[in-house]
1. Quick test of the membrane-span-like rule: which DSSP H helices of the chain reach at least 24 Å along their long axis (C-alpha atoms) with mean Kyte hydropathy at least 1.6?
2. Using all Cα-Cα distances in segment 43-159, what percent lands in each 5 angstrom bin from 0 up to the longest?
3. Based on the mean of other beta carbon atoms within 10 Å per residue, what is the order of 56-67, 114-125, most packed first?
4. Relative contact order of the chain, please, whole-number percent, based on alpha carbon pairs below 8 angstrom and at least 6 residues apart.
5. Expressed in nm to one decimal, what extension gain is obtained for the pair Ile187 and Asp118 from 0.36 nm per residue of sequence separation less their Cα-Cα distance?
6. So which of Lys136/Lys197; Lys149/Lys173; Lys61/Lys136; Lys54/Lys198; Lys75/Lys205; Lys51/Lys197 end up more than 31 Å apart, counting from Cα to Cα?
7. Given R₀ = 25 Å, FRET efficiency for Asp58-Ser217 by Cβ-Cβ distance, to 0.05?
8. Give the dimensionless ratio obtained when the Cα radius of gyration of the chain is divided by 2.2 N^0.38 Å.
Amino acid sequence: MITKKNVVLLGPPGAGKGTLSEVLLKEEKLAHVSTGDIFRSEIGKGTELGKLAKSYMDSGKLVPDEVVADMVAAKLLSAECADGFLLDGFPRTIRQAELLEKALDQAGKKLDAVVLFDAPEELLIQRLTARLTCRKCGASFNKIFAKPKVEGVCDHCGGELYQRSDDSLETAKNRLAVYREQTFPLIEYYTGKSLLKKIDSSLPKAEGYAALRAILS
């Protein structure tokens, strides 16, 4: 049984955060808090925050950190997060980390750990350019590390698997460059707060998951 239940998942795209957290969420009663999911939910429900976020997105602008942080804060206050949460995709910058800290204070919560998924860039590019996505349910697979049972067919719904145009080598390198510029400073930030724990996400899935559970136990 894990004891650290309020957790931020940190690491570059392709590091395996989604893969290992999916397994953890099946075994532990934690809420998966993804900014993408929150955006879709708030916009779908027509909340004031959702309308505000949509106005920025519709005009092609980035949603301001303060608006994103307010959405995350509202989610953290919900009953769904009462037993703990995995924050995925937020914070991405020092500013967002500071806003998260303020939101947690207001919710009477604190972070138990920040887990850094660490892997060599060469491996990350391999993973990012080998991703397959289901046209029907959106599930992700990987031609190298997480092959479907039947080639070209989704294990979950039987839908067709395809490679998205944004899974190109150029896009992968750009995503990693953005991570280095914006998010890498969070490693030092959370190390200074004695919250950072690191796992080698180049390990096979079973070993990586065992390492994740050990950190959170």
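Bear in mind these aren't lab numbers, they're just calculated from the coordinates by the rules spelled out. Everything quoted here is computed from the prediction, not taken from an experiment. A quick note on method: Cβ atoms are made from the backbone with ideal geometry, for glycine too, and the neighbour counts reach across all protein chains shown.
1. Counting only whole DSSP H runs, no helix qualifies.
2. 2, 9, 14, 14, 13, 16, 18, 12, 3, 0
3. So the peptides 56-67, 114-125, ranked by packing, come out 114-125, 56-67.
4. Rounded, it is 28 percent for the chain.
5. Full-extension gain reported as 23.8 nm.
6. Table pairs above 31 Å Cα-Cα are Lys136/Lys197; Lys54/Lys198; Lys51/Lys197.
7. Computed FRET efficiency for Asp58 and Ser217 comes out at 0.05.
8. With N residues counted in the chain, Rg over 2.2 N^0.38 Å equals 1.03.
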